[in-house]
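Peer 1: Would you mind keeping the following structure in view while I ask a few things?
All of the numbers you see were taken from the coordinates with simple rules; none came from a lab. Nothing here was measured: the structure is a model prediction, and the numbers come from that model. In this analysis, Cβ positions are derived from the backbone assuming ideal geometry, glycine residues included, and neighbour counts consider all displayed protein chains.
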Amino acid sequence: MLNTVSSGPTTLENTFNSVHSRFLKFDTSVGSFIIELYTSHAPITCQHFQQLALDGYYNDTLIHTIQPNHVVIGGDPTNTAKGGTPFDGYLNELATSRLKHTGAGIIGMCENSQFYITLAPTPWNDGKYGVFGRVKKGMNVIKAISKIPTGNKQNTIMGGNVEEEGTTPLEDITIHSIVEVSEDEIK
């Protein structure tokens, strides 16, 4: 649910900065997890990601890449690891960001609308990819996803094929939906 300011029509743009923390719940075929968006550190990226998520852009897409001890990646509606909605806004925030890839559960933008969740510290990504949040609850689900065997499987949706060999999950890991939740719902 979006908190709103008192004047003007309610839109994501005029309500986004009125709340300090935003939380999104991912329902996947493996389980649910909740992320916290770093709205004060990466407002452009957070607004873009949240708008896509709440518009259903990520619904029924796959976690298409698993790199053990590094990241899991999703957010490509073609499920090829090559597609997605163009978005260069995070590059501007990246240039001034002090957020680092300090541990497991860090969320960042990698390509277009694609996002990743770290499985460990990944300092080599600092300055390359924009951090915009973290897993607030359900890291056990991310760990379960990361343990799914990978290989060179052709994705069943849209006939996609992930280019990087050996990182495609051998079973589909589907993001069913993403909804906004309040901090009270996390407890």
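Peer 1: Where Lys and Arg each count +1 and Asp and Glu each count -1, what net charge lies around Val181 among other residues with Cβ under 10 Å from its Cβ? Don't skip to the answer; put the middle values down first.
Peer 2: On the way: positive: Arg22, Lys25, Lys136, Lys137; negative: Glu180, Glu183, Asp184, Glu185.
Summing Lys and Arg as +1 and Asp and Glu as -1 gives 0.
Peer 1: In nm, to one decimal, how far is the Asn140 label point from the Lys100 one, both placed 7 Å along Cα→Cβ?
Peer 2: Placing both labels 7 Å along Cα→Cβ, they lie 3.0 nm apart.
Peer 1: Moving on to the next point. Residue by residue through the stretch 170-177, what is 3J(HN,Hα) from phi via Karplus (6.51 cos²θ - 1.76 cosθ + 1.60, θ = phi - 60°)? Round to whole Hz and write x for glycine and proline.
Peer 2: Values per residue, Gly and Pro as x: 7, 10, 5, 10, 9, 8, 6, 7 Hz.
Peer 1: Please list, in chain and number order, the residues 5+ apart from Arg22 or on another chain whose amide H is under 5 Å from its amide H, with Hs placed from the backbone.
Peer 2: When sequence neighbours closer than 5 places are left aside, the close amide H contacts are Leu37, Thr39.
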